[in-house]
Each structure stands twice: as C-alpha cells, then as structure tokens.
Amino acid sequence: MRILFLNQYFPPDPAPTGVLLRELADRMEAAGHTVDFVTARQDYREGQQAGGRMRREAKALARMLFEALRRPRADIVLSATSPPCLLLVATLVAFWHRAKSVHWVMDLYPEIAVALGEIRPGLLARFLGKAMGWAYRRAAKVVVLDEDMAGRLRSYGVRPEIIGPWVFAPVIVQAQRAKADPEVPWTWIYSGNLGRAHEWETLLAAQAILEKRGAGIRLLFQGGGPSRPAAEARAAELGLRQCVWKGYVEEKDLADALRRTHVLTVTQLPAAQGLLWPSKLGLILGLPRPILWVGPTKGAIARKLQALPHAGVFAPGEAEPVADWLISLKQHLRPVPQPAIDSLVHREAALAEWQRLLEQYQ
C-alpha cells in the first residue's frame, strides 16, 4: 500500500504536526508499506513570526496541490490541517489518484480563524465552512484528538474517530533519562509556542499578585510565538521583576529544562475549545511535575486533568486562585511520584490504532 502524506512541514523542521506524521510514516514503512511526502518547503518557526499569513498559506496550498498531483499514484492520501483548508487540496489529490482520503484534524478551520479574529464571520467563513463540510463527508475517515473536537465534527454529518496525539520518540527517551531537580528560585513555566489560541494574561496577573505578596516565585516563559511580543509588553506594563523570557530549547534538552522547574503550565482560550489541542500537554503529562491548566474548565482536557491529584484547573481570569494554588504548592510541595501517563505505552497504542485504521483500506 502506498500512502501519500500531506502537511505544510516535515522533519527536519521542528513543527509538531510534521514530527507526528513522520513517526506514523515510519511505523507504516516498518509494516511494509510505501510512504511519500508533500510539504510546502517553509520554515515553521519563521512562519510563526511572519506577517502576510493568508498569502503565505495560499501559496503553500497551491504548491502542495501541484506537487501532489505529480507524485506516483497513492492508495491513501493522508492529510493534516496545516496549512488551513489542506483537506480541500487532499480531496482533489485523492480524486486524481483514485485514492482514499484520510484526514487527521489537529485544528478546525475556518472555526479557529473566526474564534481568534483572524477572519470575520460572514460570507468567506460560511463558504469555507461549507467547502470543508463537503470535504469531511468525502473522506473515508476523519480522525480527531479528543471528544470536544469530535463533537465539533459531528455537526458536519461525519462520525470521527478519536486518536490522541503522542509524545515524540526522541523526547520520550530524553524524558526517561532526565534527572534534573528543580532549581532556585521556585519557578513555574510556560514552555513552547505562545500562539493566538493560548491564554497568557491570567499568568501575568497571577505573577503580579505573587510579587506583590513577596512569594519568591518566578514565572518563566520559554519559547516564542506570535503572542509573545504582546505578552512581554504587558509584563513590562505590570512592572514584573520575576518574569523571565527565554528562547526555544533544543528538543534534546527540553525534558531536563522542564524538570528544572516546579510547575508546568498549559493554557487555552475558551474560544478555542474543541478547535485544537495543545501539543505541549502530551509531554507535560509524561513528566513528574505538578500541572497548571488555565483554560476551559468543562471540556475534555479539564476533565482529564481534574482526575489528577497534582493538577490545578482554572478558568481564564482566575489570577487570584492561581496565585493561591502556587503559594500552597510552594509551601506544601510533595514530589509527584510518577508521570500521569506512560508516554511510551501511550505512543505505541496510538500508533497501533493508526496502523489498524489505515490497513483496513489496503
């Protein structure tokens, strides 16, 4: 069986979606199948900072369509969701190759663009929604990341399958080897891409409360992303003295960098619930550290975290409760005996489920 993978980025680019697809491709290749890739040949981290996004993404779609039509005939065209509306290209490519279209939804367009104010509700959004609905229904299978996302897709008249993302193999190895202990000062961290869907104002407000109380707690932002300049400007307005900004950490050093801190933070704007899944959460669940979630408190992610004794779940705007929780942790912190999940077991189970799903079409 020949599988053609479509995604804006693939390794060696560090984009998480590309790494996940590369590991799935490796699994299918090891099972005796042939894999091929079409990418936009763009840089993920540069793209997170660049302007003219709509023009950049349209150019990527056109390039990928042209290249995919020229590739050897595939049995399955497997597409992710970067660039936006890639499924429309994948549907045309699958028709050309007389192949099955399998779509892995990592974020929903145009819904996420409307929710984040990137495009206005109106004619364009309705047209894109109808076009995506048509393509979802044409797909042999649509795969989503959690139950919230599945609920969104059912409105299009499809029955999606849920397969959660996994932690990348090299990161699992590093996490298992990592032995770093928390350092002084006592630190909570937001690591990775600070994107448009991520909540950061509550974090800064909570840090301002901590500094006012003299709690001796530092907030570390590690990474980059389009929302980082605004967050840095707000931190300066608040006069935060114990808020530190660092760049991205190499993958091989990430687990150790996270283990040197005391609390690992994941956030999401409520408007993005069910429209995307924060990729950093997979790794964080596999590390023995308390987890702070600031986002929707009644969704699939919140339910998963509320079941953990070492996680704090808060809604955006609850800066005072977040600060209280952090101070309590600092005063009464007990070591987390083991990660919330076994990342290696979870990765193997997810890949096995993907292999089962794809091999039914051979």
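The values are calculated or read from the model by the stated rules, or taken from the named source; none is laboratory data. Because the structure is predicted, anything quoted here is derived from the model rather than measured. Cβ: placed from backbone, ideal geometry, glycine included. Neighbour counts: every protein chain shown. Ligands, DNA and RNA are stripped out before the accessible areas are found, and what is left, the full protein with its side chains, is counted by its heavy atoms. Shrake-Rupley method; radii C 1.70, N 1.55, O 1.52, S 1.80 Å.
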Notebook entry, point to check: Just checking, how many residues over segment 178-192 are touching a strand residue (DSSP E or B) at 6+ places or on another chain (Cβ under 6 Å) and either open to solvent by less than 30 Å² (accessible area, probe 1.4 Å) or part of a strand (DSSP E or B) (or both)?
Noted result: 7
Next item on the list: Among the residues of segment 59-79, count how many are part of a helix (DSSP H, G or I) and of a type in the set (Gly, Ala, Ser).
Entry: 3
Next item on the list: Quickly run through segment 207-242 and pick out the residues that are out of contact with any Leu (no Cβ under 7 Å at 6 or more places or on another chain), assigned to a helix (DSSP H, G or I) and either of a type in the set (Gly, Ala, Ser) or within 25 Å of Leu116 (Cα to Cα) (or both).
Entry: Pro229, Ala230, Glu232, Ala233, Ala236, Glu237
Next item on the list: Consider only pairs whose beta carbons are under 6 Å apart and that are at least six residues apart or on different chains; among these, list those whose first residue lies in segment 220-248 and is in contact (Cβ under 8 Å) with a residue 24 or more places away in the chain and more than 25 Å from Pro182 (Cα to Cα) and whose second residue is polar (S, T, N, Q) and not in a strand (DSSP E or B).
Entry: Gly225/Gln48; Pro226/Gln48
Notebook entry, point to check: Given segment 252-362, what strands (runs of 3 or more DSSP E) lie entirely inside it while holding 3 or more residues that are at pLDDT 95 or above and open to solvent by less than 10 Å² (accessible area, probe 1.4 Å)?
Noted result: 263-267, 291-294
Notebook entry, point to check: Of the conditions (1) open to solvent by 40 Å² or more (accessible area, probe 1.4 Å); (2) touching a helix residue (DSSP H, G or I) at 6+ places or on another chain (Cβ under 8 Å), Ala236 fails just one. Which one is it?
Noted result: (2)
Next item on the list: Please enumerate the residues belonging to segment 94-114 that are hydrophobic (A, V, I, L, M, F, W, C) and in contact with a Pro (Cβ under 9 Å, 6 or more places away or on another chain).
Entry: Val105, Met106, Ile112, Ala113, Val114
Notebook entry, point to check: For the subset of segment 80-112 comprising residues that are in a loop (DSSP other than H, G, I, E, B) and surrounded by fewer than 20 Cβ atoms within 10 Å (Cβ to Cβ), which member is modelled with the highest pLDDT?
Noted result: Arg98
